[in-house]
Amino acid sequence: MFLVRKLTARNPTGNVRFFCAPPSSTPSPNYNTTNNTTTTNNKLFVGGLSWGVDEKSLTEAFSSFGNVTEVRIIYDKDSGRSRGFGFVHFSTNNDARSAKDAMDGKAFLGRPLRISFALEKVRGGPVVVPRLSNVTDVSRRNN
DNA sequence: GATGAGCGG
């Protein structure tokens with residue numbers, strides 16, 4: 001006598017089904033999931049500048065696409081010349097995005113512009129220091 | 001006197 005035991009454990013559809021993690025969208029409001037670039041800020045990083053570009057020329061170049069609140073070109077602290085990149089602040093991120101979409105890759109004073117949304121780096125910004133003394137405070141709060 | 005991807009005066 002043979003006890004043939006069917007060990008084929010499969011669902012009614014006949015296909016072995018693997019349960020993976022559901023594709024959850026990354027809930028990060030500060031980052032765009034399509035390109036992993038920040039779109040919430042209205043600060044633009046403008047790179048690829050020519051060596052002789054100053055702030056007023058950039059202001060006149062970007063004021064046509066929105067309200068430019070601040071333009072800052074990073075100069076070298078020693079030689080005083082331009083380091084080839086700067087930052088353009090707009091009043092709203094819609095203007096910043098339209099200006100980036102209009103001026104990115106465009107040539108300006110002989111060099112093509114490399115525009116992208118600026119990082120959250122602010123001089124003297126909110127540097128989060130991990131205070132480990134809070135851990136002891138939490139443990140001591142339990143009395 | 002120069003340089004050419006990047007993220008700040």
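The values are calculated or read from the model by the stated rules, or taken from the named source; none is laboratory data. Since the structure is predicted, the reported quantities are computational estimates derived from the model, not experimental observations. Cβ coordinates were reconstructed from backbone atoms using ideal geometry, including for glycine residues, and neighbour counts include every protein chain displayed.
Do the conditions hold for residue A:101, that is, is it exposed (fewer than 14 other Cβ atoms within 10 Å of the Cβ), in a helix (DSSP H, G or I), modelled with pLDDT under 95 and more than 10 Å from DNA strand B (Cβ to nearest atom)? It is true that residue A:101 is exposed (fewer than 14 other Cβ atoms within 10 Å of the Cβ), in a helix (DSSP H, G or I), modelled with pLDDT under 95 and more than 10 Å from DNA strand B (Cβ to nearest atom). Across region A:88-104, the qualifying residues are those that are without any contact (Cβ under 8 Å) to a residue 40 or more places away in the chain and of a type outside the set (Ser, Thr, Tyr), and the one among them that is farthest from residue A:114 (Cα to Cα) is A:94. For region A:57-94, the tally of residues that are touching a strand residue (DSSP E or B) at 6+ places or on another chain (Cβ under 8 Å) and within 13 Å of DNA strand B (Cβ to nearest atom) stands at 19.
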